[in-house]
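Please read the structure below before turning to the comments.
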Amino acid sequence: MIELVERHTVLAVVVGSRAYGLHGPDSDYDRRGVYAAPTRAFWHLDKPPTHLDGPAAEQFSWEFERFCMLALQGNPTVLEVLWSPLIETITADGERLLAARRAFLSRRVAETYGSYARDQLDRVAARRERTGETNHKQAMHMIRLLVAGAHVLRTGEILLDVRHLRDRLLAVRRGELPWDAVAAWAADLLAELADAAATTALPEQPDREAVDRLLTAVRERNLQ
């Protein structure tokens, strides 16, 4: 099955710390991609997989339709793929996917980004209460998600590069910022997220029709 990634990838990018501008010399390359399985493969009882790990370490790919469905739901991890500046592979279908990326955005990103961040905040707080230990890396990503959530609501663009906050975010990751200060920062960002949600120009719903046309065209082009 891994040949689907090797032979049918339409878009492959680097995300994670290297795309965020938070990497160090030894940071991993977190690779994410989209593959378009041949259309005839869907005519069999056993359908192509919706996602695959590998073949490289830290590499994960989604089949085109699954990727579109997750992006329409406002999944932050998936949306980042469409805005990563670190593109390693792109085909004509990948270019069409990127050209349509704003069709996936809607006001629901306020809920998805906020929910992801609040879940991480709750996990960090629960661990602190249970063990007295703080997952500083998780806390840093919680802050980054809140910053990115407000940004997309205000600008209609997914924020990856957070080098303007690099020193402060890395201080959170290293545990140099007291937890009370981290929690206060998160509270301020949650308020900013709510304000951005109330004033955003993003549509109530994503443009499913545009995405459906994109998917149909990809399936037609891959009918071989």
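What the table shows:
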item: Loop-exposed GluC sites (Glu not before Pro) per DSSP, neighbour cap 16 Cβ within 10 angstrom, longest uninterrupted part of the chain; result: 59-132
item: Carbon + sulfur, % of accessible area of the chain - ligands and nucleic acids excluded, 1.4 Å; result: 48
item: FRET efficiency, THR50 to ASP195 (Cβ-Cβ, R0 41 Å, nearest 0.05); result: 0.70
item: Per residue value of the accessible surface for region 65-224 (all protein chains in place, 1.4 Å probe), Å²; result: 51
item: Listed peptides 168-175, 141-148 by packing density, highest first (mean Cβ within 10 Å); result: 141-148, 168-175
item: Of (i) 0.95; (ii) 1.00; (iii) 1.04, the label for Rg/Rh (Cα atoms, Kirkwood Rh) derived from the coordinates; result: (ii)
item: Cβ-Cβ FRET estimate between THR91 and GLN138, R0 fixed at 41 Å, reported to 0.05; result: 0.70
item: Label-point separation in nm, ASP119 to GLU6, each point 7 Å along Cα→Cβ; result: 3.3
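The values are calculated or read from the model by the stated rules, or taken from the named source; none is laboratory data. None of these values were measured; they are calculated from a predicted model. No Cβ is skipped: glycine too gets one built from the backbone with ideal geometry, and neighbour counts run over all protein chains shown. Ligands, DNA and RNA are excluded from the accessible area calculation, which covers all protein heavy atoms including side chains. Shrake-Rupley method; radii C 1.70, N 1.55, O 1.52, S 1.80 Å.
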